[in-house]
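Below is one structure, written out as structure tokens; the observations come after it.
Read the figures in this text as sums done on the coordinates, not as results from a lab. Since the model is a prediction, treat every value here as computed from it, not as a measurement. Quick reminder, even Gly has a Cβ in these numbers, built from the backbone with ideal geometry, and neighbours come from all protein chains shown.
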Amino acid sequence: MRERRQATAPHHRARGFAEFAGGAAGRLLHAATLLTAEPPARNPRAQELLTAALAATYARWDRLRDDDPYDRARQELVARFARAAWRFHRPAAGGLLSRLTPQERLVLVLRLYEGVAEEQAAALLGLPVERVRAVCTRAVAALRHGAATPVAPPGAPDRAVTP
């Protein structure tokens, strides 16, 4: 009897994770796409980020017990994005959030898209609450200001755009 329970444990683990991933992957992919500022139709960096975050979450699946798996996966996603942004300093691929720095995108996605409280976002990012608040305010202002002025495509000559 004990051998049978041990044999079915990996199956239950895999099924539980598959159910979680099936329900959460879409929202997590959208968050990753916002973080990388890639177009939704072509987002290989976001997909790579999500795959790595889900793999790390699966590796810890048995130890999650009372923890929320979505929070854990989001934490992995954020940490992996932050490390990659710090290491590689790649320019954003395009889209509305591409004019923001990686830190601004990270704070905005956590605060506005994911609805994470300032205190929780600060703890997750290892920043003071005041810093998270300031970055969020600056990013929102940059987006508002950017929406009012048309942006020329990359490589276009520098000249004023008239309506």
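Calculate, in nm to one decimal, what residue 27 and residue 59 gain on full extension: separation in residues at 0.36 nm each, minus their alpha carbon distance.
Details: separation 32, 0.36 × 32 = 11.52 nm, distance 2.04 nm.
Residue separation times 0.36 nm, minus the Cα-Cα distance, leaves 9.5 nm.
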Rough spin-label spacing in nm, given labels placed 7 Å along Cα→Cβ, for residue 86 and residue 131: 1.0
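For region 44-138, report the convex hull volume of the alpha-carbon atoms normalised per residue, in Å³, without decimals.
Values: hull volume 9.9 nm³, N = 95.
Looking at region 44-138, the number lands at 104 Å³ per residue.
Round to the nearest 0.05 the FRET efficiency obtained for residue 79 and residue 42 when R0 = 22 Å and r is the Cβ-Cβ distance. Don't jump to the answer; show the numbers that get you there.
Working: r = 24 Å, r/R0 = 1.11.
Efficiency computed from Cβ-Cβ geometry: 0.35.
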Label-point gap, in nm, between residue 18 and residue 145 - each point 7 angstrom along Cα→Cβ: 5.1
